[in-house]
């Protein structure tokens, strides 16, 4: 059986893109082994379409963490049974994969989920950013097979390094949707899903909840500013309106999203990575037939406006934003956006997008 290795620096539990790619490879007859890390609170991996190996790391962050992770990774990739393809997810796994692929003569696919060197966590850390830029500048021009999540990022990489990136958007599998009965007496629910990091518009959304009555704001995910957000909610006396659900497995998250009345993606324009982001939560909302309120950043606005599945907005004033939310919730109760959501869900699904990934595998010469 053909063997494929997929590397990512997270714990594999909630990375839906990696899971979908692994499933796609399994369906093509590959034995798939995913390589990641194990955290203290990492859940067991059940019912996954892949084998896995998760490294326990002595360091949890910083240069020593990345160096040690890539060392563990390259040792695995060099000394296990030879695969027919390696897939490196994001820049922080690329050094080990690039070295191993060159030594063993194995095709390498680089899957860049974002503009790694432009994330807000690096923008103000110039020394650290310069190291990652150097790694990117050395390795990316040498790549033959690369993919990313939207056309803006693909264009930037092409201009910087001359490397062609195919585009495979981070969309979910098609959902057999059954309309739910909406109880007009029940509290409506707004959902946010994703990392709780700087620049996600979560502080703005919490402040907007002062002006919205009889509505729950449910936050799913973890991240660097989680404790600050919880403290903000307590200090604002909004604990009865804002709920933190922590990290959820994909199947549990889907069940919750299906109950939502509005999904938000209010990223700020903090550098190129956020400016050209196209978050997977946007497509998760659409597939669950949940109208979207997003920032008017280019890639998100293009999807939301062209498909008519919600509203893109530049508004950053909490009270005015609350007015838009109240309008959307009122329209939602009358069935607005549903036809557009149905149409978009049929197009923006993994069954369509995965065809491009198969083309990439064919370019590597690993498909029959």
Tell me, which residue of the stretch 313-354 that is in contact (Cβ under 8 Å) with a residue 40 or more places away in the chain and assigned to a loop (DSSP other than H, G, I, E, B) is nearest to residue 23 (Cα to Cα)?
349
Restricting to the stretch 247-268, name every residue that is over 17 Å from the mean Cα position of the chain (by Cα) and part of a loop (DSSP other than H, G, I, E, B).
258, 259, 260, 261
Taking helices (runs of 4 or more DSSP H) that fall entirely within the stretch 74-154, which contain at least 2 residues that are buried (at least 21 other Cβ atoms within 10 Å of the Cβ), touching a helix residue (DSSP H, G or I) at 6+ places or on another chain (Cβ under 9 Å) and at pLDDT 95 or above?
94-104
If you scan the stretch 286-301, which residues turn out to be in contact with a helix residue (DSSP H, G or I) (Cβ under 7 Å, 6 or more places away or on another chain) and on the phi < 0 side of the Ramachandran plot?
286, 287, 288, 290, 291, 292, 293, 294, 297, 298, 299, 300
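Yes/no matrix, rows are residues, columns are (1) in a loop (DSSP other than H, G, I, E, B); (2) assigned by TED's automatic domain parsing to the domain that holds residue 279; (3) closer than 30 Å to residue 362 by Cα:
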{"residue": "9", "(1), (2), (3)": "yes, no, yes"}
{"residue": "20", "(1), (2), (3)": "no, no, yes"}
{"residue": "34", "(1), (2), (3)": "no, no, yes"}
{"residue": "45", "(1), (2), (3)": "yes, no, yes"}
{"residue": "52", "(1), (2), (3)": "no, no, yes"}
{"residue": "59", "(1), (2), (3)": "yes, no, no"}
{"residue": "65", "(1), (2), (3)": "no, no, no"}
Residue check, residue 30 at negative phi, modelled with pLDDT of 95 or more, more than 19 Å from the chain's Cα centre (by Cα) and surrounded by 16 or more Cβ atoms within 10 Å (Cβ to Cβ):
yes
Give just the number: which of (1) surrounded by 18 or more Cβ atoms within 10 Å (Cβ to Cβ); (2) in a helix (DSSP H, G or I); (3) not assigned by TED's automatic domain parsing to the domain that holds residue 87 does residue 357 not satisfy?
(3)
Run down 164, 169 and say which single residue is modelled with pLDDT of 95 or more, in a loop (DSSP other than H, G, I, E, B) and either surrounded by 14 or more Cβ atoms within 10 Å (Cβ to Cβ) or in contact with a helix residue (DSSP H, G or I) (Cβ under 6 Å, 6 or more places away or on another chain) (or both).
169
Does the stretch 312-325 contain any residue that is farther than 20 Å from residue 206 by Cβ and surrounded by fewer than 16 Cβ atoms within 10 Å (Cβ to Cβ)?
no
Return the residues of the stretch 332-342 that are surrounded by 14 or more Cβ atoms within 10 Å (Cβ to Cβ) and either out of contact with any strand residue (DSSP E or B) (no Cβ under 8 Å at 6 or more places or on another chain) or under 30 Å from residue 144 (Cβ atoms) (or both); say none if nothing qualifies.
336, 338, 340, 341, 342
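The values are calculated or read from the model by the stated rules, or taken from the named source; none is laboratory data. The model shown is predicted, which means the values in this text are computed figures rather than measured ones. No Cβ is skipped: glycine too gets one built from the backbone with ideal geometry, and neighbour counts run over all protein chains shown.
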